[in-house]
Amino acid sequence: MCLLAFAAIACNTEPSLQKYYVEKQNDANFIVIDVPASLFLGSNSTLSEEQQTALKSIEKANVLAFPISGDNQEIFEKEKENVDQIFTQKKYKLLFRMGSVAKGVRLMYLGEEDAIDEFILYGVHNEKGFAVARILGDDMNPGAIMKLMKSAGEGDIDVNMSAFDQLDDILEDKDSVQ
């Protein structure tokens, strides 16, 4: 019985976002950044206890980006199709969507509604590229995280964006190559 279970798991050819990240981390068309939460979340000592708990549930962010350069439009289309295919799986639950297929953002999650292990932010712009950010944590509460995102948007949360400067530097280098 155990052998059958192992065989079923080993033969699972369903694509996953984690497998995709691993496959693409050394691909020159992609930018990959892994940032522990401690580097991009400041002290935030003035936040409520609920907000502090929500922040502590975030462990790290993984970003995989595909910027379009002058000669990789066909590769972009293929890779975008691959990512879109991954997100058709039922395990990726949609929280919200803004924009269109050509230029938009989706926020999804993995896990149970009251104990999320991963948020996925997927942004696509058919002229600039796409990025997938995985926010990893332990038992993240979607309501609390959504409130945090709103607070961050209003400037109430200390977010150290310099942790993502590497992404800006790489994107500027890719733009100058075009």
Among the listed pairs K78/K150; K60/K147; K60/K150, those beyond 27 Å (Cα-Cα): K78/K150
Estimated inter-spin distance, L94 and K56, nm [label 7 Å along Cα→Cβ]: 3.5 nm
Contour excess over end-to-end distance, with Cα ends at V22 and K128 and 0.36 nm allotted per residue: 35.9 nm
Whole-Å distance, taken between Cα centres, linking region 97-124 and region 47-91: 8 Å
Under the Karplus curve 6.51 cos²θ - 1.76 cosθ + 1.60, θ = phi - 60°, whole-Hz ³J(HN,Hα) for region 90-102, x wherever Gly or Pro sits: 5, 5, 8, 9, 7, 8, 7, 9, 10, x, 10, 5, 7
Estimated FRET transfer efficiency (S48, I75; beta-carbon r; R0 30 Å; 0.05): 0.10
Highest average packing first - 95-105, 62-72, Cβ atoms within 10 Å: 62-72, 95-105
Approximate spin-label separation A115-D139, in nm, with each point projected 7 Å along Cα-to-Cβ: 0.7 nm
Candidate lysines - alpha carbon under 16 Å from K80, same-chain residues fewer than 8 apart omitted: K19, K24, K103, K128
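All of the numbers you see were taken from the coordinates with simple rules; none came from a lab. The structure presented is a predicted model; accordingly, all values stated were derived computationally and were not measured. So basically every Cβ, Gly included, is an ideal-geometry build from the backbone, and we count neighbours across all protein chains shown.
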